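First comes the structure, then the notes that go with it.
The values are calculated or read from the model by the stated rules, or taken from the named source; none is laboratory data. The structure displayed is predicted, hence computed values, not measured ones. So basically every Cβ, Gly included, is an ideal-geometry build from the backbone, and we count neighbours across all protein chains shown.
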Amino acid sequence: MEVLIAANAEEAARFAAKAVIDGLRTRVTGDPVLGVATGSTPLGLYAELARAVGRGDADFGKTTAFALDEYVGLEGTHEQSYRQTLVTELCNVIGLPESRLHTPDGHGDSEERIRAQAAAYDAAIVDARIDVQILGIGTNGHIGFNEPGSSLRSRTRIKRLSAQTRMDNARFFDGLDAVPTHSVTQGLGTILDSRRMVLVATGSRKAAAIAAAVEGPLSAACPASVLQLHPDAVVVLDEAAAAGLRNRAYYDDSAAGLQFGI
Ligand code: GLP
């Protein structure tokens, strides 16, 4: 695992964009496949990717994207659906065609139907193989909507949202009651199949979750700790999110080595 600690959120976004672009470039055959996340944290990263496009350093016109998760019960056209959010905050920003954006389908007339859609989504990811999976982290250590207790080998499925997550996300809805109770999320096993993971966290609200994910035990109690199992996980933090880390000096030494190409 590489832990990169930036001076501030803007620098973290630049570090993360470089990790994403470098990761996509390592694909040998076919068009690149990017795993994308919602939330406020990746917005700076998406703006940096757009800058890279402007400079001619990246082009997402032929990139396929798979979203981590979607709310159950919202149509893909709903303003707060993750599909609409990603069209606005990702596709329109980095020039990724909407037709190339895949999102889980959490809408259906029965639970059975939604389960079948989740399984088909997982199979499509296995088929495509994600080159770089972008991740944020919830204050309770979730990634995607894999809440504490999620199996470390789980696949895309319906997952109940925790009370904490619903409260955290209520700001996007007309109050807590309007926040869906369930999601369809890539599982931790699905996320682990990606060739590179780039997790970004900023701000002091994420410090405890980051300390548990990076330096705590590998445990379903902190789903993001599954990063410890991945051979190419990059964790990009600002100072506030890194505040709870004990091994800070080592991460800084390692990052300095990377700058010299060692
Ligand atoms: C939601 C998403 C996660 C995201 C998290 C944190 O729960 N399902 O993928 O990481 O929010 O969001 P933010 O970056 O806004 O703190």
Considering region 160-182, residues that are closer than 20 Å to ARG115 by Cα and near the ligand (Cβ under 10 Å from one of its atoms), and then whichever is surrounded by the fewest Cβ atoms within 10 Å (Cβ to Cβ), we arrive at SER162
Could you count how many residues in region 27-68 are under 18 Å from the mean Cα position of the chain (by Cα) and away from the ligand (no atom under 11 Å from the Cβ)?
-> 13
Can you name every residue in region 45-75 that is in contact with an Asp or Glu (Cβ under 7 Å, 6 or more places away or on another chain) and either part of a loop (DSSP other than H, G, I, E, B) or free of Cβ contacts under 8 Å to residues at least 40 places away in the same chain (or both)?
-> LYS62, THR63
For region 222-244, what are the residues that are hydrophobic (A, V, I, L, M, F, W, C) and in contact with a Gly (Cβ under 7 Å, 6 or more places away or on another chain)?
-> CYS222, ALA224, ALA240, ALA241
Output for region 187-208, where each listed residue is near the ligand (Cβ under 10 Å from one of its atoms) and either of a type in the set (Phe, Trp, Tyr) or under 15 Å from the mean Cα position of the chain (by Cα) (or both) = LEU199, VAL200, ALA201, THR202, LYS206
Restricting region 233-246 to residues that are farther than 20 Å from LEU43 by Cα and free of Cβ contacts under 8 Å to residues at least 40 places away in the same chain, the one farthest from the chain's Cα centre (by Cα) turns out to be ARG246
Where residues in region 90-143 are hydroxyl-bearing (Ser, Thr, Tyr) and either closer than 30 Å to LEU218 by Cα or in a loop (DSSP other than H, G, I, E, B) (or both), which of them is nearest to the ligand (Cβ to nearest atom)?
-> THR139
Long-range neighbours under 8 Å by Cβ, at least six apart or interchain, first residue closer than 15 Å to VAL36 by Cβ within region 129-149, second more than 6 Å from the ligand (Cβ to nearest atom) and modelled with pLDDT under 95 = ASP131/THR26; ASP131/ARG27
Looking at this structure, is THR85 within 17 Å of the chain's Cα centre (by Cα) and in a helix (DSSP H, G or I)?
-> yes
